[in-house]
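Written out below as structure tokens is the structure these notes cover.
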Amino acid sequence: MSTLIVICQSGGKFSSASDGSLSYVGGDAHAISVSRETKFDELRLEIAEMWKVGTDSMTIKYFLPNNKRTLITISSDKDVQSFLDFHGNSGTVDVFVIKNESSTALAADTPSTSEAMPVPPRKRSTRKRVVQQEYPLNVTPVAQAPAPAFLSSASENPGQFNSLATVPSEIQSDGQMKRVKLWENCITGLHQQFNNVCEVRDALRKYSIAQGFTVKFKKNDSMRVSAKCSVDGCPWRIFASRLSTTHLFRIKRLNEIHTCGNGTSTDSHPRASKKVVEGIVKEKLRDSPNVKPKEIANQIQQEFGIELRYSQVRRWMEAATEEIQGSYKEAYNQLPWLREKIVETNPGTVVSLNTREDQSFHRLFIAFHASLHGFQSGCRPLLFLDTMSLQSKYQSELLTAAAVDGNYGIFPVAFGVVDVVNDDNWHWFLVQLKSALPTFQPITFVADRQMGLKQSISVIFENSYHAYCLRYLSEELKRDLKGPCIHEIIGAIIGHLYDAAYAPNTDPGNWANSYFLGARYNHITSGIAESFYSWLAELTALPIIKIIETIRHKLMELIYTRKVESDQWVTRLTPSLEDKLQKEIINTQSLQVTVSDGNTFKVHDIRSAVNDNDVKIDAWVCSCGEWQLTGFPCLHAVAVLLHIHRDVYDYCSKYYTTEAFRLTYSESIKPVPTVDKPVLGESSEVLVNPAPLRCVSGSPKKRRIRSSGVVKRPLHCSRCKGEGHNKVSCNVVS
């Protein structure tokens with residue numbers, strides 16, 4: 001089977017026959033193709049766009065072959081593969097797109113059995129997990145550990161998941177070893193049932209630790225778990241699998257006999273092998289990819305009584321992440337393939353890849369066609385340049401260029417990954433950006449003045465402008481302030497700096513609105529892209545391919561979501577600007593308008609003693625300076641336009657209109673198929689080697705910077721009232 005034709009049905013309803021089978025009546029249908037390379041997120045986006053609904057407001061379901069009583073939910077990549085496994089021999093298959101608001105109606109039409117809507121299993125790797133006997137790790141007592149729980153026999157409560165038993169208080173007080181002793185009952189016998197595969201694995205681990213032997217997994221995936229004693233020749237075996245009509249797991253085969261001498265341990269200090277603990281770390285990382293090493297160490301200590309060093313957990317986490325996500329080293333060698341695939345699937349996209357003389361990774365630039373088209377079609381000619389460090393075992397930094405859409409939302413235009421942030425890499429990044437925007441109008445760049453961009457911007461983007469980021473300027477000012485300054489004084493100075501920068505009539509040119517020659521639309525800081533890329537800082541270290549694919553997917557979702565949202569708008573301006581305009585119209589009630597000279601008007605605020613403002617309607621100019629700064633009518637301009645009965649909307653910049661917003665998000669980013677992605681060992685040719693490793697020894701050293709504005713308070717002598725010393729070191733004789 002290469003592809004499967006899927007008939008997506010929606011808008012109808014389910015009806016139940018006398019035999020309990022379900023049939024779908026009414027609605028519309030569309031056909032799509034699904035293959036082994038189809039990812040769940042891509043399938044969900046395609047179906048959501050097809051039915052004009054949000055990705056979070058629908059559920060995708062299907063029937064198993066020859067079973068019209070049970071609806072199965074597709075909610076992960078693993079579910080997509082299972083769906084193809086079940087229907088691989090079919091020419092076509094129906095799936096049902098259930099909108100969330102219709103879930104109540106669906107429940108009413110569906111038989112009320114516990115098996116009607118099975119919960120899909122968590123996404124699990126299908127790789128074989130092999131656990132072999134290694135040097136054991138001592139299980140040590142932990143004071144005041146949480147009370148353990150164990151699974152009771154299925155025979156005591158047949159037909160359903162066995163509830164967790166309560167541990168008597170006298171056992172809790174005996175400490176961790178009594179708790180581990182209770183784990184002997186985690187496996188109670190044949191036909192024992194578990195709520196899901198995670199509980200099967202957890203029970204096996206605890207049982208093996210308590211019984212003093214090591215399990216070796218033969219099969220370990222979301223549908224079945226098969227394990228044996230790790231000692232060759234020992235007959236101990238266990239097999240558990242998922243029931244065909246529910247999400248429950250049941251032990252179907254069990255040989256409890258050990259001939260290896262293990263499994264009967266009465267040692268008061270049970271031991272767990274290194275490989276068992278590595279497996280525990282891997283499963284916890286798989287369930288929570290962003291968990292920290294210290295958190296895993298604490299969890300294992302609480303749950304298993306095993307004390308681990310931070311360095312151990314971190315090393316195992318790196319190995320587990322590489323196994324789950326792929327090789328870090330091989331990911332660099334896949335970059336040339338990724339470059340070709342991105343351009344092939346997204347025509348008009350600009351991708352540049354550079355290596356150093358030794359073929360080590362140097363820098364990568366990506367600007368998707370959808371982003372470039374959106375920026376040129378609907379965004380103000382304003383770009384924010386910023387950088388952030390990536391979580392990686394190799395040297396890698398992220399460079400970003402982002403714009404702002406007509407609704408004040410961040411719009412990523414281009415990004416790059418470089419081995420180090422320096423002037424040369426920024427210059428190269430801007431050269432690539434220029435090649436992607438060859439005929440675009442002059443651009444205003446907002447960036448840190450310390451990034452060495454001033455010369456590059458003026459050379460590469462002629463007639464463009466460089467506005468300094470005020471946030472970085474204020475940080476520099478805080479560090480430069482010396483002497484007897486206290487927190488309140490520095491706070492006031494920084495406050496005045498911001499006031500001067502925002503003021504429409506002050507100085508100087510590179511950071512103050514009043515003297516800046518370009519159009520910065522009242523944006524004075526460059527960190528606007530942080531709102532989109534901040535999630536990267538929360539991720540654990542990922543291979544570079546995964547980082548790029550995650551960014552691509554985030555961009556794809558962002559563009560699609562905002563496109564769907566804007567299709568519902570009915571106002572001429574975007575919602576944020578429409579709301580601002582309506583507030584200004586209300587506030588004009590306190591203003592008086594008089595004609596000064598032709599198209600020039602004077603506006604007086606009857607509630608204030610400040611000077612009148614002059615408004616030139618045809619020139620889109622007000623003496624307050626706000627209209628010409630933002631392209632949006634200030635309060636005084638709105639008052640004049642209403643006074644002379646002109647349409648206020650005609651005097652708003654086109655960038656604030658719903659039409660421009662829709663143009664910004666009119667193109668979409670296409671998925672990148674991975675069917676022919678090269679894997680380790682397939683090619684002997686190394687095209688790209690990793691960047692140098694990060695030089696980190698132990699905990700990273702933190703350089704203290706008084707970025708909050710706190711400056712050490714000077715000493716004052718209570719004896720002589722002088723400064724710079726105290727009473728103890730005072731030389732004045734009393």
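The values are calculated or read from the model by the stated rules, or taken from the named source; none is laboratory data. For clarity, every value in this text was computed on a predicted model and none was experimentally measured. As a convention, Cβ positions derive from the backbone with ideal geometry for all residues, glycine included, and neighbour counts pool all protein chains shown. Each accessible area value is taken on the protein alone, full model and side chains, heavy atoms only, with ligands, DNA and RNA left out. Shrake-Rupley method; radii C 1.70, N 1.55, O 1.52, S 1.80 Å.
Return a yes/no flag: does the range 49-61 have any residue that is part of a loop (DSSP other than H, G, I, E, B), surrounded by 17 or more Cβ atoms within 10 Å (Cβ to Cβ), in contact (Cβ under 8 Å) with a residue 24 or more places away in the chain and out of contact with any helix residue (DSSP H, G or I) (no Cβ under 6 Å at 6 or more places or on another chain).
Among the residues of the range 49-61, at least one is part of a loop (DSSP other than H, G, I, E, B), surrounded by 17 or more Cβ atoms within 10 Å (Cβ to Cβ), in contact (Cβ under 8 Å) with a residue 24 or more places away in the chain and out of contact with any helix residue (DSSP H, G or I) (no Cβ under 6 Å at 6 or more places or on another chain), which makes the answer yes.
Which condition breaks for residue 426 when tested against (1) open to solvent by less than 10 Å² (accessible area, probe 1.4 Å); (2) at pLDDT below 90?
(2)
Inside the range 354-365, can you point out the residues that are within 21 Å of residue 423 (Cβ to Cβ) and either open to solvent by less than 30 Å² (accessible area, probe 1.4 Å) or not in a strand (DSSP E or B) (or both)?
The answer is 356, 357, 360, 361, 362, 363, 364, 365.
From 352, 360, 327, 377, which residue is among the hydroxyl-bearing types (Ser, Thr, Tyr) and within 26 Å of residue 448 (Cβ to Cβ)?
352
Against the conditions (1) modelled with pLDDT of 70 or more; (2) among the charged types (D, E, K, R); (3) in a loop (DSSP other than H, G, I, E, B); (4) open to solvent by 70 Å² or more (accessible area, probe 1.4 Å), where does residue 702 fall short? Just the number, please.
Just one mismatch for residue 702, condition (1).
With the requirement that a residue be farther than 19 Å from residue 191 by Cα and either without any contact (Cβ under 8 Å) to a residue 24 or more places away in the chain or surrounded by fewer than 21 Cβ atoms within 10 Å (Cβ to Cβ) (or both), what does the range 222-233 give you? Explain how you work it out, then say what you get.
Going through the range 222-233, the residues farther than 19 Å from residue 191 by Cα turn out to be 229-233.
Those that are farther than 19 Å from residue 191 by Cα and either without any contact (Cβ under 8 Å) to a residue 24 or more places away in the chain or surrounded by fewer than 21 Cβ atoms within 10 Å (Cβ to Cβ) (or both): 231, 232, 233.
Would you call residue 14 buried (at least 17 other Cβ atoms within 10 Å of the Cβ), touching a Leu at 6+ places or on another chain (Cβ under 6 Å) and farther than 25 Å from residue 666 by Cα?
In short, yes.
Taking only the range 551-610 into account, find how many residues are without any contact (Cβ under 8 Å) to a residue 12 or more places away in the chain and assigned to a helix (DSSP H, G or I).
Qualifying residue count for the region: 7.
Pull out all pairs, ordered by first then second residue, where Cβ-Cβ is under 6 Å, the residues are six or more apart or on different chains, the first lies in the range 621-638 and is within 14 Å of residue 652 (Cβ to Cβ), and the second is among the aromatic types (Phe, Trp, Tyr) and surrounded by 21 or more Cβ atoms within 10 Å (Cβ to Cβ).
Filtered contacts from the range 621-638: 633/627; 634/627; 637/627.
Out of 374, 406, I need the residue that is part of a loop (DSSP other than H, G, I, E, B) and open to solvent by less than 10 Å² (accessible area, probe 1.4 Å). Which one? Talk me through it step by step, then tell me what you get.
Working: 374 fails: part of a loop (DSSP other than H, G, I, E, B).
Every option except 406 fails the conditions.
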